[in-house]
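Worksheet: one structure, shown below.
The values are calculated or read from the model by the stated rules, or taken from the named source; none is laboratory data. Bear in mind that the values here come from a model prediction, so they are computed numbers and not experimental data. Cβ sites come from the backbone with ideal geometry, for glycine too, and all protein chains shown count toward neighbours. Side chains included, ligands, DNA and RNA excluded: accessible areas come from the protein's heavy atoms. Shrake-Rupley method; radii C 1.70, N 1.55, O 1.52, S 1.80 Å.
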Amino acid sequence: MLTQIELNAIADFAINNFDYDAKYEDDQFAVTIEGVRCYCERYNTHFRIEVGHEDNVVELPRH
């Protein structure tokens, strides 16, 4: 199970990179953050991130 600190690191990375870096311009992509593989989907209002092989799903609002 991921700790709150690890989930915060993933959220910080997503907020600071997904809307601003051309590497993440697709509506669906995978990325490794802090050694954890994440599958991401971009929606108009938020990002949905499936974290690792666990059943952790994070939804982050888009700014």
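Figure note: Arg62, Arg42 ranked by solvent-accessible area, largest first, 1.4 Å probe, ligands and nucleic acids not counted: Arg62, Arg42.
Remark on Ile33: its backbone amide H falls under 5 Å from those of Cys38, a criterion applied only to residues 5 or more positions apart or on other chains, H modelled at 1.01 Å from N. The C-alpha atoms of the chain define a longest principal axis, and helix 4-17 lies at about 10 degrees to it.
Charge tally around Phe18: other residues with Cβ under 12 Å, Lys/Arg +1 each, Asp/Glu -1 each, net -3.
Compared with the alpha-carbon gap, the fully stretched path from Glu25 to His53 is longer by 7.7 nm at 0.36 nm per residue. Equivalent-ellipsoid semi-axes for the chain (Cα gyration tensor, √(5λ), whole Å, largest first): 18, 12, 11. Distant-in-sequence amide contacts of Asn56, defined by a placed amide H-H separation under 5 Å and a gap of 5 or more residues or a different chain, comprise Val51.
Count Lys and Arg as plus one, Asp and Glu as minus one, and take only other residues whose Cβ is under 10 Å from that of Arg42; the net charge is then -3.
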